[in-house]
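Rule-based calculations on the coordinates, nothing more; no lab input. If you're wondering where the values come from, they're calculated on a predicted model, not measured in any experiment. Reconstructed Cβ throughout: ideal geometry from the backbone, glycine too, with neighbour counts over all protein chains shown.
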Amino acid sequence: MISSAPPCQKCGRPVVVRFSVKPETAWSTVVLNRWRTICAGCFDLEAHKAGVRYSFAELEATSWSDRPEPRKPYKRKR
C-alpha cells in the first residue's frame, strides 16, 4: 500500500504519529542531526541507548483509514 506519510529515515516505515518531546534538549541529544523524520519507536530506542530521560508531548496519530482517498489522475473526458 502506498502511503502519503513521510518515511522514518532510520527504519523506513511511514511516520503516522507526530510528536514532540519534553524536555526539548532530549530531541537534540538523541537525534544529533542524523535524521529529519524519525518515528516514535525509533526515537524511544535511541533515547534508551543514550540513557536520555524524556516524555512524549503533543501526540497526534493518523491511521490508514483516516487518510483521504487517493485522487484519480485519469478522468473520463467528455
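Figures for the structure shown
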| quantity | calculated |
| --- | --- |
| Residue-by-residue Karplus 3J(HN,Hα) for the range 17-26, coefficients 6.51, -1.76, 1.60, Hz, glycine and proline x | 10, 8, 8, 10, 10, 10, x, 5, 5, 5 |
| Fraction of alpha-carbon pairs over 13 Å apart in the range 1-45 - percent | 54 percent |
| Karplus-derived HN-Hα couplings along the range 4-9 (A = 6.51, B = -1.76, C = 1.60, θ = phi - 60°), whole Hz, x at Gly and Pro | 8, 6, x, x, 5, 6 |
| E24 versus A50: modelled label distance in nm, points set 7 Å from Cα along the beta carbon direction | 1.6 nm |
| Size of the range 17-66 as Cα extents on the principal axes (Å, biggest first) | 35, 19, 16 |
